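Each remark here refers to the structure printed beneath this line.
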Amino acid sequence: MWRSCLAGLFCLGLFACETAPPPAVELTPAQFDQAIDEAKAESHPWLTIQSLNETVETAALSDEQRARLLFERGTARRQARINLPGAVSDFRESLKLAPDSPVAANARTELGYADDAWGAAAGRLEGLQTLPEWFDDMVATGELEAAVERYRTSELAPTQEQAELLVAAGYLCREGDDDDWTLGQDNEHLEKLGWCENPGVS
């Protein structure tokens, strides 16, 4: 897979000057398409976003390729309601880089959806909400860490969908303590799951 090339260059970079970043990886058109396909095939939208992040940050891309990647990342963020401000930024940058690209029309449409959803989530956060509702809107507005911390201290069980996000993002671990959940009902989806010792890393 194309990521083996990335890994090899990264390892070589360890022997270089600490201030010198590893060289950007040149991708063939086939490798570029493969990178997008692999990202979209990930088991959770969070992982899709992280995979696209890796390509955006490490690959040498033309403006049109970068516009396509930003469009795909923005779409993943918008559809999963994970960091809608980031989605808005992705679509705007995609359009700035390549206003006439094949994805430009869809990027303009997605930008409107993402901007509206961001405003709606921010508006709901100003009112009264249950903790699960608040968590979802905090994630939507790009405040995942603050949302996780409040859930962690509340001892309330996250919903199944929220638990899947927390596992993908490295906040819930299989080797955790499932006795963490003292509040909430219908906790079967949390069996053998508990807060990670190194949240965001595991």
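Any read-out appearing in this document is the output of simple, stated calculations on the displayed coordinates, not a laboratory observation. As the structure is a computational prediction, the values presented were derived from the model and not from experiment. Virtual Cβ from ideal backbone geometry, glycine too; neighbours counted across all protein chains shown.
Around Ala59, which amide H atoms from residues at least 5 apart in sequence, or from another chain, sit under 5 Å from its own amide H, with H modelled in the peptide plane?
Under 5 Å from the amide H of Ala59: Val25.
Starting from 0.36 nm per residue, how many nanometres of slack lie between Arg124 and Glu191 once their C-alpha separation is accounted for? Display every interim value, and only then the final one.
Details: separation 67, 0.36 × 67 = 24.12 nm, distance 3.12 nm.
So the extension gain works out to 21.0 nm.
Run the numbers for Glu42 and Glu155: contour at 0.36 nm per residue of separation, minus the present Cα-Cα distance, in nm.
Values: separation 113, 0.36 × 113 = 40.68 nm, distance 2.94 nm.
That works out to 37.7 nm of additional length.
How would you rank 144-151, 165-172, highest first, on the average number of other Cβ atoms within 10 Å across their residues? Walk me through the numbers before you get to the answer.
Details: 144-151: 17.8, 165-172: 21.9.
In decreasing order of mean packing, 144-151, 165-172 become 165-172, 144-151.
Given 0.36 nm per residue, what is the gain on full extension from Glu54 to Asp116 after removing their alpha carbon distance, in nm? If you can, show how the numbers build up before the last one.
Details: separation 62, 0.36 × 62 = 22.32 nm, distance 2.75 nm.
Fully extending the segment from Glu54 to Asp116 adds 19.6 nm.
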